[in-house]
Amino acid sequence: MYKKLFIPGPTHVRDEILLAQTAPMIGHRAPEYSALQLAVTAKLQQLLSTAPRVYLYARSSTGVMARSVRQASTRRMLNTVCGAFSKRWHQITAANGVPCDAISVSVGQAVTPELVDEALSKGGYDAITVVMNETSTGLMNPVAEIAALVREKYPDVLVLVDAVSCMAGVKIEFDAWGLDVCLAGVQKCFALPAGLTVCAVSDRARQRAKLVPNPGYYFAYADMDKRYEKGQTPATPAISLIQALNQQMDDILAAGLEARWQRHREMATIVQDWAREHFGLYSDERYLSETVTNVENTRGISVAGLNEELGKRGAMISNGYGELKEKCFRIAHMGDLTVDDIRWLLGEIDDILGLA
């Protein structure tokens, strides 16, 4: 049975976007493809309020996370950890042989500028990783404030941001905030099928990469730059996904970016208010995500059982992640979902659980 996905990725994909993938195939060295990539890149720059380069990788975000840390540091990297996916970036950094340290907060708490300041003040770091939207806990770290602190007091430190579950759902001002790397997979707030990662990279991050002894090959910025101006990638790109991304970006820009951000805020507010009334919110309410809500299972319901019943009605939510399984459940409100979709879902949950 078809299910509308209210999970934090992959998200619901509109029929129009699915259809855009069926456009005739074109050669990745042909003028038609170059025109496509150049057009998509310009639209992504508008989305992220940036002039520097935005790369397209035919890979999951995890792969791009791995090679971003590999190209960012010639000394030592600081990884900020507040949940499962920020912890993964620390694991990735260590696995790539990059000297690193992690600073951690309790699950459900945010990484603050004060915490970052305290860690960086010890010296020796030239890059930091931050997850903007921690999908496992439904929490949004104050990236703009963290980046401002870093730019002011530690200007040599690159700021790398995982915006996997919020890019195209919330405003990100790459240049104004002073970010150096910001990446996301398209299967979440972009509401596309999985398989493509968008990655904005500052000019100074590209220069830093040239100083790294072994930046790798496939993901290397220098390699991407060889064909960037021509609107091409070194290896075969995900052409059909990029065609769909082009259609989606046209639709996003036509509807208006501010309207998109507002819709995500409205959906988040509805879910959060519902959670407060019937359950609880797991994470620090000062930093709640605008794209996914982590509901604390204060009623002790079977989350798996709820999802089974929702499946019969054409919907799917997510159980708690990792150690939070059955202790929480997550409702995503991102991508092309609407306020009406969210109200319908919550009404079905109310009916199943007898909350109405």
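So here's what we get for this one:
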| item | result |
| --- | --- |
| Cross-link partners of Lys3 among lysines (Cα-Cα below 29 Å; sequence separation of 8 or more within a chain) | Lys171, Lys188, Lys312, Lys325, Lys327 |
| Charge sum, other residues only, whose C-beta stays under 10 Å from Gln45's C-beta, Lys/Arg counted +1 and Asp/Glu -1 | +1 |
| Efficiency of FRET from Cβ geometry, Ala119 and Thr298, R₀ 35 Å, rounded to 0.05 | 0.55 |
| Contour minus Cα-Cα distance for Ala30 and Leu253 (0.36 nm per residue) | 77.6 nm |
| Trypsin sites (Lys or Arg not before Pro) within segment 94-172: DSSP coil, no more than 10 neighbouring Cβ in 10 Å | Lys122 |
| Charge context of Ala168, other residues only, Cβ under 15 angstrom, K/R +1, D/E -1 | 0 |
| Neighbour-limited loop hits for trypsin sites (Lys or Arg not before Pro), segment 1-103 (at most 16 other Cβ within 10 Å; DSSP other than H, G, I, E, B) | Lys3, Arg14, Arg29, Arg75, Arg76 |
| Cα-based Kirkwood hydrodynamic radius, segment 187-342, one decimal, Å | 18.8 Å |
| Unit charges at the beta carbon, dipole of the chain: most positive-side option, Thr74, Gly311, Tyr217 | Tyr217 |
| Candidates per chymotrypsin sites (Phe, Trp or Tyr not before Pro) in segment 166-222, loop by DSSP, up to 15 other Cβ within 10 Å | Tyr217, Tyr218 |
| Positive dipole terminus of the chain, leading residue within Ala176, Ala254, Ile331 (C-beta point charges) | Ala176 |
| Top of Asn79, Asn96, Asn297 by mean-square fluctuation, Gaussian network on the chain, Cα under 10 Å | Asn96 |
| Local electrostatic count at Glu308 - Lys and Arg +1, Asp and Glu -1, tallied over other residues with Cβ under 14 Å | 0 |
| Nonlocal amide H pairs with Asn79, under 5 Å, H built at 1.01 Å | Asp101, Ala102, Ile103, Thr129 |
| Relative pair counts by distance (%), Cα atoms of segment 17-253, 10 Å bins | 8, 35, 36, 17, 4, 0 |
| Kirkwood Rh in Å, taken over segment 76-171 so that all alpha-carbon pairs contribute | 13.2 Å |
| Between segment 242-256 and segment 121-137, the alpha-carbon center distance in angstrom | 31 Å |
| Euclidean distance between Cα centres, segment 186-202 to segment 1-68, Å | 6 Å |
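Values quoted throughout were computed directly from the atomic coordinates according to the rules given, and no laboratory measurement underlies them. Because the structure is a prediction, the values reported are computed rather than measured. Neighbour counts are summed over all protein chains in view; Cβ atoms, including those assigned to glycine, are modelled from backbone coordinates with ideal geometry.
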